[in-house]
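K.L.:
There's a structure below that I have some questions on.
Any read-out appearing in this document is the output of simple, stated calculations on the displayed coordinates, not a laboratory observation. As the structure is a prediction and not an experimental result, all values here were calculated from the model. Heads up, the Cβs are rebuilt from the backbone with ideal geometry, glycines too, and the neighbour counts pull from every protein chain shown.
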Amino acid sequence: MTYASGDTLPERAFGPISRTDIVRYQGASGDFNPIHHDEEFARSAGFPTVFSVGMLQAGYVATYLTDLFGPDNVRRFGVRFEEQVWPGDVLTVTGTVSDLTVENGEKVIAIQVVATRQTGGKAITAWASFAA
């Protein structure tokens, strides 16, 4: 597919995110911080409940992008964690083409992405570039 600067990419929803999703990600990543799976620990730290590991959301965004552009075409990928994601949240990921360039003789498409919670809050913002 051909894209132009300013084009909006199709949106995709992930979730509702379950505690099982969070724990499975912890197992895969090796990050066993109890704040993400131990209710009592999370409450003692001042949170209403456990919350998602931020890199889980980054993984959803990466999946969204690589499903659109292919994993072999990734040139850059960065994220910024904005807001916590709680069990039961649904993330809607959307993207916009921000630039089309040529780098080292290769056409490159730059993308800006946001994953929004059902509350309207931004869970994560991301930027990426892909060989076009």
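K.L.:
When the chain is treated as a GNM, springs tying every alpha-carbon pair under 10 Å, which of SER29, SER18, SER98 comes out with the largest mean-square fluctuation?
P.N.:
Maximum among the listed residues: SER29.
K.L.:
Report, in degrees rounded to the nearest 10, the 0 to 90 angle that the Cα long axis of helix 54-69 makes with the longest principal axis of the chain.
P.N.:
The answer is roughly 30 degrees.
K.L.:
Give me the net charge of THR125's neighbourhood, meaning all other residues with Cβ under 9 Å from the Cβ of THR125; Lys, Arg count +1, Asp, Glu -1.
P.N.:
Spelling it out: positives minus negatives among the neighbours equals +1.
K.L.:
Quick check: residue separation of ARG76 and ASP7 times 0.36 nm, minus the Cα distance between them. What number comes out in nm? Intermediate values should be presented prior to the final figure.
P.N.:
Working: separation 69, 0.36 × 69 = 24.84 nm, distance 1.92 nm.
Gain in length upon complete extension: 22.9 nm.
K.L.:
Work out the FRET efficiency for ALA131 and GLN84 from their Cβ-Cβ distance, taking R0 = 35 Å, and round it to the nearest 0.05.
P.N.:
For R0 = 35 Å, the calculated efficiency reads 0.55.
K.L.:
Separate question: To the nearest 10 degrees, how steeply does helix 19-29 sit against the main Cα axis of the chain, on a 0 to 90 scale?
P.N.:
So the inclination is approximately 70 degrees.
K.L.:
Could you give the nm distance between label points at ASP38 and VAL102, where each point is 7 Å from its Cα heading toward the beta carbon?
P.N.:
The modelled label-to-label distance comes out at 5.7 nm.
K.L.:
Which one of VAL53, VAL90, VAL102 has the biggest mean-square fluctuation once the chain is modelled by GNM with Cα springs under 10 Å?
P.N.:
VAL102
K.L.:
Turning to a different aspect of this structure: Please compute the volume of the convex hull spanned by the alpha-carbon atoms of the range 62-132 and report it per residue in Å³.
P.N.:
80 Å³
K.L.:
Could I ask something else about it? Report the residue, chosen from ILE22, ILE35, ILE109, that carries the largest GNM mean-square fluctuation when the chain is represented by alpha-carbon nodes joined by springs under 10 Å.
P.N.:
Greatest mean-square fluctuation among the candidates belongs to ILE35.
K.L.:
Relative to the present Cα-Cα distance, how much length would full extension add between ALA45 and SER29 at 0.36 nm per residue of separation?
P.N.:
Gain in length upon complete extension: 3.5 nm.
K.L.:
Quickly estimate the mean residue ellipticity at 222 nm for the chain, helices only: each DSSP H run with n ≥ 4 gives -39500 (n - 2.57), and the total goes over all residues, rounded to 500. Please list the in-between numbers first.
P.N.:
Numbers: 3 runs with 33 residues, N = 132.
That comes out to -7500 deg cm²/dmol.
K.L.:
Let me know the shape class of the chain, please: from the alpha-carbon gyration tensor, a ≥ b ≥ c as square roots of the eigenvalues, rounded when a/c is under 1.5, otherwise prolate if a/b is greater than b/c, or oblate.
P.N.:
It comes out prolate by the Cα gyration axes.
K.L.:
Mean separation of Cα pairs under 8 Å and 6+ residues apart, divided by the residue count of the chain: what relative contact order is that in percent?
P.N.:
The normalised contact order for the chain reaches 30 percent.
K.L.:
Okay, moving on. About the Cα centre of the range 12-131, how large is the charge dipole given +1 on each Lys and Arg Cβ and -1 on each Asp and Glu Cβ? Please answer in debye to the nearest 20.
P.N.:
Working: 10 positive and 13 negative charges, 34 e Å.
That gives a dipole near 160 debye.
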